[in-house]
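Q: Mind having a look at this structure? Questions to follow.
The values are calculated or read from the model by the stated rules, or taken from the named source; none is laboratory data. Being a predicted model, the structure only gives us computed values, none of them experimental. As a convention, Cβ positions derive from the backbone with ideal geometry for all residues, glycine included, and neighbour counts pool all protein chains shown.
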Amino acid sequence: MSITLTDVLSAREVIAGHVVRTPMLPAPRLSELTGASVYVKYENLQVTNSFKERGARNKLASLSGVDRGRGVIAMSAGNHAQAVAFMPASSVSGDRGDAGDDALRQSGSDPCPRGAGRARWRKRG
């Protein structure tokens, strides 16, 4: 699958107003170390502290009403789990550990145990 500039611009419209528009700032020390002009995009400013929120929002928006109504399940044990759990009509599976579990709870999801070492998370409401 190739992604075009049109795809990127379309995604930008879809997620506008739903994710934080994060700054891209110069990184002088990294620039000095590499001999190049380095800039850092501060995606840690997103609600879920990761750029993954952008992709989750864009993908969920592309689903039909029927598919969205059935909900979404994402296998993840990291930032993607938090991003999907932050969106409406989603479930997340993965073994995140205590810190990750707390993050998923704070995003509005509750665990539904499923087997050893795995939990399924559902969006509240």
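Q: For the stretch 12-25, give me each residue that is more than 14 Å from the chain's Cα centre (by Cα) and in contact (Cβ under 8 Å) with a residue 40 or more places away in the chain.
A: The one that is more than 14 Å from the chain's Cα centre (by Cα) and in contact (Cβ under 8 Å) with a residue 40 or more places away in the chain: V14.
Q: Can you pull out every residue in the stretch 22-41 that is over 22 Å from R12 (Cα atoms) and not hydroxyl-bearing (S, T, Y)?
A: P26, A27, P28, R29, L30, E32, L33, G35, A36, V38 - these are the residues of the stretch 22-41 that are over 22 Å from R12 (Cα atoms) and not hydroxyl-bearing (S, T, Y).
Q: Right, next: Please give the helices (runs of 4 or more DSSP H) falling wholly within the stretch 1-86 in which 2 or more residues are loosely packed, with under 12 Cβ neighbours inside 10 Å and of a type outside the set (F, W, Y).
A: Output list reads 5-15, 28-34, 65-70.
Q: Here is a check on your reading of the model: is R96 within 25 Å of L9 (Cα to Cα), among the charged types (D, E, K, R) and modelled with pLDDT under 80?
A: no
Q: Could you check how many residues of the stretch 64-74 are within 19 Å of V14 (Cα to Cα) and in contact with a Gly (Cβ under 9 Å, 6 or more places away or on another chain)?
A: Matching residues across the stretch 64-74 total 0.
Q: Only residues in the stretch 65-81 that are closer than 11 Å to S50 by Cβ and in contact (Cβ under 8 Å) with a residue 40 or more places away in the chain count as the first member; pair them with residues that are of a type in the set (G, A, S) and part of a helix (DSSP H, G or I), Cβ under 8 angstrom, at least 6 apart or cross-chain, and list the lot.
A: That search, which allows pairs on different chains as well, returns A81/G100.
Q: So, one more: Mind counting the residues in the stretch 1-44 that are out of contact with any helix residue (DSSP H, G or I) (no Cβ under 6 Å at 6 or more places or on another chain) and within 21 Å of S76 (Cα to Cα)?
A: Residues flagged as out of contact with any helix residue (DSSP H, G or I) (no Cβ under 6 Å at 6 or more places or on another chain) and within 21 Å of S76 (Cα to Cα) within the stretch 1-44 amount to 2.
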